[in-house]
Amino acid sequence: MSVSGAAAVVGIGATEFSKDSGRSELRLAAEAVRDALTDAGLEPSDVDGLVSFTMDSNTEIAVARELGIPELTFFSRIHYGGGAACATVQQAAMAVATGMAEVVVCYRAFNERSGHRFGQVQTAAAVGSVDNSWSYPMGLGTPAAMVAMFARRYMHAHGATSEDFGRIAVVDRKHAATNPKAWFHERPITLEEHQSSRWIAEPLRLLDCCQESDGAVAIVVTSAERARDLRRPPAVIRAAAQGSGTDQFTMTSYYRDDLTGLPEMGVVAKALWRQSGLGPSDVDVAVLYDHFTPFVLVQLEELGFCQRGEARHFIADGMLELDGGLPLNPHGGQLGEAYVHGMNGIAEAVRQVRGTAANQVRAVAHVLVTAGTGVPTSGLVLGVD
Amino acid sequence: MTRVEEEAARIAAAGESAPRLARDPVNLPMVLNWVEAIGDANPVYTDPEAAEKAGHGGLVAPPAMIQVWTMGGLHGQRSSDDPLGAMMAVLDEAGYTSVVATNSDQTYHRYLRQGEHVAVTTRLDDVVGPKRTALGEGWFVTTRNTWYVGDEVVAEMRFRVLKFRPAEKPAAVAEAVPAAVIRPAVNHDTEYFWQGTALGELRIQRCGGCGLLRHPPGPMCPECGATKPTHLVSDGVGEVYSYVVHHHPRVPGRATPFVVALVELDEGVRMLGELTGIAPDDVRVGLPVEVVFTKVDDDLTMPTWRPRAGGGS
């Protein structure tokens, strides 16, 4: 049995992306789910499954109550922060493919800027966590610093520079500049601005780090068969995978033989290519998780777009631009559009497949989406029907 | 002249306070308590023969007890004409609410004998300030006590205090460094490590089955499946494998910027810790380092790193 081709995304919804939503996280979740159902042309009563992140403060039953969803036969949560994003859709696809549910909505909603900010030191994360006791008490207490430790070694091993990281930020912000929904709409940056932005955790600068955002995104999944009867062109789930690697930690997998790869993303890549029967050259748009720029380079290597250590050469010459060989994050990514734990990237992939994106790439057949990096993660390949 | 100086001049001009008589005459029981507490074994204070032999003509009291005789007792109160009390009140009112004794000098004119009844007076010598001190802005207040037996001066003391306005605690602004550190969670699998740091040992888990070295540790060996973890004590030397210079945001217990290094120990495992004793710009991958144990408090000692002496490459 394969999930590939069995299910499709038929609806996407979101709130506005802001720095202060002014309303509860539950209300954001309910608004996004309702928006996605409207997009799909479905009613709350059609929904029988809900999936979210373990980090989400909104329980499935709370969301069901607000939407008036009467019965749920499938509900599930995925762990490991932003690594959960594509796995929520994987859960939904598996539930639909096995008949556990017919219409599943995946959602993520938070006031991540006006409420609990991930960019601050997560003192609470250290309390009671033996895993985190080898890093937080030693002064390594923010996601940026944890990625910076990796980035320094990657630079040492492969000769990458801060400017190489900066090129990712520049292309994200260029795309966000022409996306009206993006927080950084009409605010592109130059490489010089990246290079003069302040240090956060060397070798990461401010402009290597994604935004902190308030907002919510919801994704509606149903069977490919039912999808064909709905109002939007289906974005068929060609592949959906999770991955965890050897000696895996959350953000601090520093004890492996090598500290220049993301083996958990390698696990995801192998499964995506196997399930879909596709390869890197078949990808028309790459929506790569970009909470911090260095991991975008590493993902390109793990996913097979280039050799190890070669990403800095691969991205040269406009490769990641909208008209380049591998358009990256046409919505502006989490550096440019908003940080919604990767869920806004899935919505962008759906728009690219439908042909309705603000920065639409021409003749899109397949879009690759990845989830959080540095953590156990997940990925998707969405395609036209 | 400030108000503090005016009041100081007025109080000083009033001169000596009226003599205040000691509660009890000089007596043996109090001397015995005092020499025991202080550990003074000189027999002239307790053995009449020894005192005689020493030429004192009978038991004498330790001169350093002079203040003892005129102490007010547990519920004692200053007399109304006490110049030190008056000066304290003036400074309290001016906002200099905290006090710390800075120094005293005593002069003994002769030994006191059992049964002599002393009295004490106080006068204000001077008040100097305002001075900037580490504790805050304050005034040095010097008083002089004189002990009498009848009209005879038997001892004197110059006594100085700093009366200060406590330095304001920094408001909760970005530059302030939070006092609390993030503490590790410790369980059965990891307590050996933290017990080690408290003893000055950097311990690495070693499998009791196959000998695999492993950090961070865990209860079951991923190589052989044994659940018999032991440990060895690392030499504590290695090289920087990677590092971060942390600038933002603030981290509890640390001033920014600071360096956190991932160190590959000579035994082959990697371990995180703060790297001190080197400018952040001078840190590089491959820097030879050694462990330093930094005691946070009685319950926590952190392993940290410093550049290894003579470890240049």
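Throughout, read-outs are computed from the coordinates displayed, never taken from laboratory work. The structure displayed is predicted, hence computed values, not measured ones. Cβ atoms come from the backbone with ideal geometry, glycine included; neighbour counts cover every protein chain shown.
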Next on the checklist: What do you get for GluC sites (Glu not before Pro) in the stretch A:38-136 restricted to DSSP loop and a cutoff of at most 14 other Cβ within 10 Å of the site's Cβ?
Outcome noted: A:71
Next on the checklist: What do you get for the angle between helix A:25-40 and the principal long axis of chain A? Use alpha-carbon atoms, 0 to 90 degrees, nearest ten.
Outcome noted: 60 degrees
Checklist entry - Counting Lys +1, Arg +1, Asp -1, Glu -1, what net charge surrounds residue A:206 among other residues with beta carbon under 13 Å of its beta carbon? => result -1
Item to check | Normalised per residue, the volume of the convex hull around the Cα set of the stretch B:191-307 (Å³) | outcome: 111 Å³
Checklist entry - Which whole-number percentage describes the relative contact order of chain A, with Cα contacts under 8 Å and a sequence gap of 6 or more? => result 25 percent
Checklist entry - Tally Lys/Arg at +1 and Asp/Glu at -1 over every other residue whose Cβ is under 11 Å from the Cβ of residue A:13; what's the total? => result -2
Checklist entry - Between rounded, prolate and oblate, where does the stretch A:137-282 land on the alpha carbon gyration tensor, with a ≥ b ≥ c its root eigenvalues, rounded for a/c under 1.5, else prolate if a/b exceeds b/c? => result oblate
Item to check | Summed side-chain charge close to residue A:234 - residues other than residue A:234 whose Cβ falls under 14 Å, Lys, Arg +1, Asp, Glu -1 | outcome: +3
Checklist outcome for this item: Cysteines of the protein assembly as shown without any disulfide-compatible partner (other Cys Cβ under 4.7 Å) are A:86, A:106, A:209, A:210, A:306
Next on the checklist: Pairs of alpha-carbon atoms within less than 8 angstrom and 6+ residues apart define the contacts here; what relative contact order does the stretch B:191-307 have, in percent?
Outcome noted: 23 percent
Checklist entry - Using alpha carbons only, how many degrees (0 to 90, rounded to 10) separate the axis of helix B:3-13 from the longest principal axis of chain B? => result 40 degrees
Item to check | Karplus-derived HN-Hα couplings along the stretch A:278-291 (A = 6.51, B = -1.76, C = 1.60, θ = phi - 60°), whole Hz, x at Gly and Pro | outcome: 10, x, x, 6, 8, 7, 8, 9, 10, 9, 9, 4, 9, 5
Checklist outcome for this item: Taking the convex hull of the alpha-carbon atoms of the stretch A:267-353 and averaging its shadow over every direction gives an area in square nanometres of 5.7 nm²
Next on the checklist: Given the DSSP H assignment, sum -39500 (n - 2.57) over each helix run of at least 4 residues in chain B and divide by its residue total; what's the result at 222 nm in deg cm²/dmol, nearest 500?
Outcome noted: -4500 deg cm²/dmol
Item to check | Fraction of the pair-distance distribution of chain A above 27 Å, Cα-Cα pairs, percent | outcome: 43 percent
Next on the checklist: Using DSSP to call loops (not H, G, I, E or B), can you name the trypsin sites (Lys or Arg not before Pro) in the stretch A:134-237 whose Cβ has at most 15 other Cβ atoms within 10 angstrom?
Outcome noted: A:198, A:228, A:231
Next on the checklist: Can you give the longest run of chain B that contains no GluC sites (Glu not before Pro) sitting in a DSSP loop with at most 10 other Cβ atoms inside 10 Å?
Outcome noted: B:1-167
Checklist outcome for this item: Counting other chain Cβ atoms within 10 Å of each Cβ in B:257-267 and taking the mean gives 3
Checklist outcome for this item: With the 8 Å Cα cutoff and a minimum separation of six or more residues, the stretch B:3-164 has a relative contact order in percent of 28 percent
Checklist entry - If one computes the Cα centroid of the stretch A:342-385 and of the stretch A:2-53, what distance in Å separates the two points? => result 16 Å
Checklist entry - Can you give the FRET efficiency for residue B:187 and residue B:23, using 1/(1 + (r/R0)^6), R0 = 60 Å, r = Cβ-Cβ distance, to the nearest 0.05? => result 0.50
Checklist entry - Based on the alpha-carbon gyration tensor of the stretch A:287-334 and its eigenvalue square roots a ≥ b ≥ c, which shape applies: rounded if a/c is under 1.5, prolate if not and a/b is larger than b/c, or oblate? => result oblate
Item to check | Globularity index of the protein assembly as shown, i.e. its alpha-carbon radius of gyration over 2.2 N^0.38 Å | outcome: 1.39
Item to check | Bridge type composition, the protein assembly as shown - antiparallel percent by DSSP, nearest 5 | outcome: 90 percent
Checklist entry - Shape of the stretch A:1-134 from its Cα gyration tensor (a ≥ b ≥ c, root eigenvalues): rounded if a/c is under 1.5, otherwise prolate when a/b > b/c, or oblate? => result oblate
Item to check | Using alpha-carbon coordinates, inclination of helix A:85-97 to the longest axis of chain A, degrees | outcome: 30 degrees
Checklist outcome for this item: Given a Förster distance of 45 Å, the FRET efficiency implied by the Cβ-Cβ spacing of residue B:1 and residue B:56, rounded to the nearest 0.05, works out to 0.35
Item to check | Lysine pairs in the protein assembly as shown with Cα atoms under 29 Å, if 8 or more residues apart or on separate chains | outcome: 5
Checklist entry - Given R₀ = 22 Å, FRET efficiency for residue A:157-residue A:247 by Cβ-Cβ distance, to 0.05? => result 0.75
Checklist outcome for this item: Of all DSSP beta bridges having both residues in the stretch A:235-385, the percent classed as antiparallel (nearest 5) is 75 percent
Item to check | Equivalent ellipsoid dimensions for the stretch B:3-164 as semi-axes, Å, which come from the Cα gyration tensor, largest first | outcome: 35, 16, 13
